Amino acid sequence: MSWPWRERGYELVVGLEVHAELRTRTKLFCGCANAFGAAPNTNVCPVCLGLPGSLPVLNARAVEIAIDVGAALGARVQSSQFHRKNYFYPDVPKNYQISQYDVPICAGGAVVLESGRTIRIERAHLEEDTGKLVHVGGGGRIDSAASTFIDYNRAGVPLLEIVSAPDLRDPDEVRAYVSELRAVLVAVGATDGRMEEGSLRVDANVSVRPYGSSELRTRVELKNLNSLRSLHRAIVAEAMRHVALYEAGEAPVQQTRHWDEERGSTAALRDKEEAEDYRYFPEPDLAPLAIDPAALEAARARVQPLLPSTRRARLGDAAVSTDVRDTAISDVLWPYTRAALDAGLPPTLIARRVANEVAQLVGTVGSCEPERVVAVLRLEAEGALVPQQVRELLREVWLRPAPVESLIAAVGGDRSAAQETAAAIAERLVEEYPTEWQRFVDGDTKVAGFLVGQLVRRAAGSVPGQLARATLDALRASELSSREDGPPRGGDG
Amino acid sequence: MTPEALLELGVREVAEGVRSRTLRAREVLEAYVAQLEIEEPDVHSFLALDVDGARARADELDRRVSRGEDPGPLCGVPVAVKDNIVTRGFATTAGSRILEGWRPPYDATVVERLLGAGAVLVGKTNLDEFAMGSSTEHSAFGPTRNPHDLDRVPGGSSGGSAAAVAARFVAAALGSDTGGSIRQPAALCGVVGVKPTYGSVSRYGLIAFASSLDQIGPLAATVEDAAVLLEVVSGHDPRDATSATRPALAVCATLDDGVRGLRVGVVRDLVAMATPEVASAVDEAARELERRGAHVREVAVPEVRAALAAYYVIAPAEASSNLARFDGVRYGLRVGAPTTEALMVATRSQGFGEEVKRRIMLGTYALSAGYRSALYVQAQRVRTWLGRGFARAWAEADVLLAPTSPSSAFRLGERSHDPVAMYRSDVCTVPSNLVGEPAVSVPWGFDRERLPIGVQVLAPAWQEARMLAVAAALEQGAPR
């Protein structure tokens with residue numbers, strides 16, 4: 001792929017800060033519900049409102065999740081410390097955010113893209129989310145709005161901020177990285193990963209440099225990237241802004257810029273650039289956080305089978321597209337895929353059926369025991385059902401609680417009925433095509449296809465190909481044995 | 001029993017009397033209220049009083065007792081709480097304009113525990129704004145005066161609590177101690193004040209000044225009264241992550257154990273900082289312990305000389321962050337302005353007093369890029385070094401003896417325009433906060449002007465029982 005900066009001799013350098021809202025029952029430092037969509041300021045208490053006298057108490061589940069993510073990313077999970085990040089803003093109830101600074105819970109690690117490229121992770125740290133400002137009237141910004149409402153429901157929701165190294169080199173790679181990281185986070189149960197609800201938020205640090213150079217030039221942090229599409233567009237726009245500046249003999253300023261989706265461009269957040277001094281210091285209300293080595297080992301063992309890379313590997317050399325494969329290993333479908341793999345069924349068949357039929361059923365009508373799906377797929381693998389019957393039977397086992405065997409008849413997949421039909425048709429074929437039949441009996445395999453095709457077509461979908469072939473083979477075997485039982489043809493006496 | 005006799009009763013005697021129905025909670029309360037109504041206008045120890053609420057509460061306790069219930073070890077004991085400790089639905093200001101009118105929606109853990117033990121809350125006591133000061137003159141609502149001499153300060157920042165106990169407005173009170181704010185006013189008002197081990201009493205509901213130093217503790221007329229309160233309010237609280245996972249302190253049973261065989265170290269480096277009268281009081285107290293069988297010797301802890309400087313970096317640094325939330329956006333004072341930033345600036349400019357602003361600026365500076373390592377980080381190193389100094393002292397001594405305040409009560413206005421002179425009032429008390437260890441101030445007679453003097457007993461972490469047994473011995477031997 002050729003990118004416009006590349007044509008002008010530049011290379012793109014991107015690092016991402018991904019904020020994942022952790023899927024805990026309660027907030028990071030209090031017992032309020034961690035839930036999206038409640039009426040404003042209903043999931044609040046003295047602690048998450050930062051009322052005078054209140055104190056934070058760390059949510060143990062959030063720590064477990066951070067450890068799981070660290071294990072999944074191959075990070076060094078270490079004893080860490082919370083710090084206060086001091087800055088005044090009305091969505092920050094205490095006017096400081098409890099975050100982690102020089103000793104994050106996870107250091108290092110990597111995400112390996114399907115392309116094989118390794119994107120290094122610098123760190124992942126726990127912090128509390130801020131409240132949400134809703135600007136009404138005026139310019140939609142805090143100092144131009146007619147009024148601003150503050151909803152503190154989100155204040156104190158646990159976030160894991162995952163910071164990548166500046167290893168990403170083009171916008172497609174950025175997208176691949178976010179998708180893969182998201183898949184990892186969802187797979188280990190860390191987050192629901194919904195960008196549109198803000199449970200996964202991405203800030204991008206963007207710079208460009210002369211192609212072939214290894215320097216890191218002034219970077220700009222892009223915010224308000226609410227979808228993968230915004231992320232992609234914003235990076236392209238910002239990269240070209242840098243190229244234009246360098247070509248004009250100027251240079252970008254290190255700053256934070258806001259992506260404007262409608263105008264398709266970025267704008268500086270403040271007119272005047274001030275260097276923020278967050279005056280970090282260790283949070284005296286929380287003890288340093290120790291990591292139990294045994295818990296870390298357990299986490300490693302627990303997350304390994306959940307990882308997208310592990311699941312992909314289990315599908316082995318299934319002959320399906322990347323899309324089909326990724327669908328089949330997605331969280332909701334993985335139980336079906338895994339059960340079928342455990343049953344030893346062929347990966348290609350599993351991936352296709354799960355990514356198509358099962359995916360459709362999961363999306364519309366609840367769930368079904370994976371064992372029932374496996375039973376259907378086994379029938380298909382054994383050749384007992386034609387594809388149309390498989391599709392119908394999957395729907396039947398999904399909608400009706402009856403045992404799978406009792407549902408087979410409903411799709412015309414009753415094995416004895418099909419066998420009878422096949423046998424009857426085979427008898428007729430022997431009469432109608434005596435020459436072809438004789439050649440088949442004499443071992444001419446080329447004619448077998450013709451006879452199987454005739455049988456399947458005449459059965460109008462009620463006899464699968466494998467059964468047709470089996471029926472013809474059986475008939476041939478009985479004819480051969482009856483010949484042997486007859487008068488000797490001499491030659492061996 | 002006469003009102004005068006009721007005011008002489010200890011906390012345990014009041015509670016036992018009410019629980020056994022030989023006393024009524026209401027009658028005890030009225031004795032204190034009578035005293036309060038006469039002298040409080042001069043002393044001004046309270047920022048908010050709820051005498052009607054206290055009467056209703058006392059009546060309810062009497063009814064519960066008559067129904068056969070046992071409200072607990074503080075049954076019917078009139079108490080006051082420093083106004084930086086939140087009380088549900090009861091105005092809490094921390095002595096600041098910026099919180100005027102705020103009614104907390106919750107009770108501090110210590111308040112829950114006091115009420116759960118049957119105490120009668122009479123009111124909220126005055127303090128230096130956000131507990132920053134050593135005279136209670138920095139209260140936004142006017143100073144408290146020392147009951148022993150109304151021209152003198154009661155000390156601070158828990159000056160309201162100390163004065164209220166000294167004047168017998170209440171039987172006992174809670175204060176908070178960040179650098180001496182319980183012990184120094186206790187010394188200046190002639191009462192007992194305990195700063196317990198960091199983590200022994202929950203800070204949940206204490207409006208934070210310096211979180212790593214703040215600790216709530218009792219002020220009371222006697223060591224035993226203080227001990228009873230300490231047992232009630234201490235013990236693990238899951239809402240405070242710095243609260244130790246230990247049961248409540250057990251200190252009452254061993255108060256009479258005496259000091260025989262104990263090794264008592266006199267901290268010469270702190271005695272040297274006191275006036276001659278205070279220094280000789282410490283020496284007399286040491287001789288009294290020796291007379292009672294303790295082994296007294298001098299102990300060198302030269303590190304304490306750096307404690308005040310470290311304290312005045314660390315405490316303002318934490319305060320600058322803790323006080324950031326007072327911005328006019330959510331509660332308390334709001335001074336309107338065209339932009340959010342201007343609103344915050346105007347609210348904070350008008351809402352905070354001079355001393356609070358001074359400390360916010362000191363602390364902001366100490367944490368700023370470029371100064372952080374020379375100031376904040378260096379002060380933390382001093383803190384660690386001080387801890388090693390005390391560890392060395394504990395190898396030689398079971399308790400340490402020192403002055404509480406370098407001088408007796410000073411006059412109102414005497415130090416209020418010299419911040420550094422005011423900060424020096426804390427020189428003998430800040431070391432215990434920096435190392436998180438307990439200390440108690442116990443009255444030891446009076447100076448020539450009949451002003452109380454306090455001596456301080458320091459102990460290793462979690463040795464409150466030993467510390468208070470020594471304090472009880474001093475109390476028995478103290479000159480009257």
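Here are the numbers for this structure:
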| quantity | calculated |
| --- | --- |
| Failed item, numbered, when B:D418 is tested on (1) without any contact (Cβ under 8 Å) to a residue 24 or more places away in the chain; (2) open to solvent by less than 20 Å² (accessible area, probe 1.4 Å) | (2) |
| Some residue of the stretch A:318-331 being open to solvent by 10 Å² or more (accessible area, probe 1.4 Å), without any contact (Cβ under 8 Å) to a residue 24 or more places away in the chain and within 25 Å of A:L467 (Cβ to Cβ) | no |
| Any hit, the stretch A:450-465, residues being buried (at least 20 other Cβ atoms within 10 Å of the Cβ), over 30 Å from A:V373 (Cβ atoms) and of a type outside the set (S, T, N, Q) | yes |
| Residues of the stretch B:260-287 that turn out to be in a helix (DSSP H, G or I) and more than 19 Å from B:A472 (Cβ to Cβ), as a count | 10 |
| Unique match (being among the basic types (K, R) and within 14 Å of chain A (Cβ to nearest Cβ)) among B:R325, B:R291 | B:R325 |
| Strands (runs of 3 or more DSSP E) enclosed by the stretch A:154-255 - at least 2 residues per element that are open to solvent by 40 Å² or more (accessible area, probe 1.4 Å) | A:200-210, A:220-225 |
| Unique match (being crowded, with 24+ Cβ neighbours inside 10 Å and either within 13 Å of the chain's Cα centre (by Cα) or within 11 Å of chain A (Cβ to nearest Cβ) (or both)) among B:G199, B:G193 | B:G193 |
| Filter result (in a loop (DSSP other than H, G, I, E, B), surrounded by fewer than 24 Cβ atoms within 10 Å (Cβ to Cβ) and either within 14 Å of chain A (Cβ to nearest Cβ) or of a type outside the set (V, I, T) (or both)) within the stretch B:214-236 | B:A221, B:G235, B:H236 |
| Given (1) out of contact with any strand residue (DSSP E or B) (no Cβ under 8 Å at 6 or more places or on another chain); (2) closer than 23 Å to B:K357 by Cβ, number of the condition B:Y106 does not satisfy | (2) |
| Residue identified as of a type outside the set (D, E, K, R) and within 19 Å of A:G50 (Cβ to Cβ) among A:P104, A:P158 | A:P158 |
| The listed residue being buried (at least 21 other Cβ atoms within 10 Å of the Cβ) and either within 12 Å of chain A (Cβ to nearest Cβ) or under 30 Å from A:A146 (Cβ atoms) (or both), out of B:R334, B:R348, B:R359 | B:R348 |
| Residue tally, condition more than 14 Å from chain B (Cβ to nearest Cβ) and not in a helix (DSSP H, G or I), over the stretch A:41-83 | 10 |
| Helices (runs of 4 or more DSSP H) enclosed by the stretch A:358-406 - at least 3 residues per element that are surrounded by fewer than 19 Cβ atoms within 10 Å (Cβ to Cβ), within 25 Å of the chain's Cα centre (by Cα) and assigned by TED's automatic domain parsing to the domain that holds A:L345 | A:359-364 |
| Residue check, A:G116 under 33 Å from the mean Cα position of the chain (by Cα), in a loop (DSSP other than H, G, I, E, B) and crowded, with 16+ Cβ neighbours inside 10 Å | no |
| Members of the stretch B:62-88 that are within 26 Å of B:S158 (Cα to Cα) and either in contact with a Ser or Thr (Cβ under 9 Å, 6 or more places away or on another chain) or of a type in the set (A, V, I, L, M) (or both) | B:L74, B:V77, B:V79, B:A80, B:V81, B:K82, B:D83, B:N84, B:I85, B:V86 |
| Residue that is nearest to the other protein chains (Cβ to nearest Cβ) [pool: residues in the stretch B:365-378 that are open to solvent by 40 Å² or more (accessible area, probe 1.4 Å) and touching a residue at least 24 places away in the same chain (Cβ under 8 Å)] | B:L375 |
| Any hit, the stretch A:127-142, residues being touching a strand residue (DSSP E or B) at 6+ places or on another chain (Cβ under 7 Å), within 14 Å of chain B (Cβ to nearest Cβ), over 26 Å from A:L58 (Cα atoms) and open to solvent by less than 30 Å² (accessible area, probe 1.4 Å) | no |
| Flag if B:R381 is open to solvent by 40 Å² or more (accessible area, probe 1.4 Å) and facing chain A (nearest Cβ under 9 Å) | no |
| Options A:A268, A:A248, A:A204, A:A244; residue that is at pLDDT 95 or above and in contact with a strand residue (DSSP E or B) (Cβ under 6 Å, 6 or more places away or on another chain) | A:A204 |
| Test: A:A295 is over 30 Å from B:R203 (Cβ atoms), out of contact with any Asp or Glu (no Cβ under 7 Å at 6 or more places or on another chain), among the aliphatic types (A, V, I, L, M) and more than 14 Å from chain B (Cβ to nearest Cβ) | no |
| Positions within the stretch A:2-21 being hydroxyl-bearing (S, T, Y) and either touching a residue at least 12 places away in the same chain (Cβ under 8 Å) or touching a helix residue (DSSP H, G or I) at 6+ places or on another chain (Cβ under 8 Å) (or both), in sequence order | A:Y10 |
| The stretch A:9-20, residues that are more than 17 Å from A:L228 (Cβ to Cβ), in a strand (DSSP E or B) and open to solvent by 10 Å² or more (accessible area, probe 1.4 Å) | A:Y10, A:E11 |
| Subset of the stretch A:88-108 (residues that are away from chain B (no Cβ under 11 Å) and either assigned to a loop (DSSP other than H, G, I, E, B) or among the small types (G, A, S) (or both)) | A:S99, A:Y101, A:D102, A:V103, A:P104, A:I105, A:A107, A:G108 |
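The values are calculated or read from the model by the stated rules, or taken from the named source; none is laboratory data. From a predicted model like this one, the values you see are computed outputs, not experimental measurements. With ideal geometry, Cβ positions are generated from the backbone for all residues, glycine too; neighbour counts draw on all protein chains shown. Ligands, DNA and RNA are stripped out before the accessible areas are found, and what is left, the full protein with its side chains, is counted by its heavy atoms. Shrake-Rupley method; radii C 1.70, N 1.55, O 1.52, S 1.80 Å.
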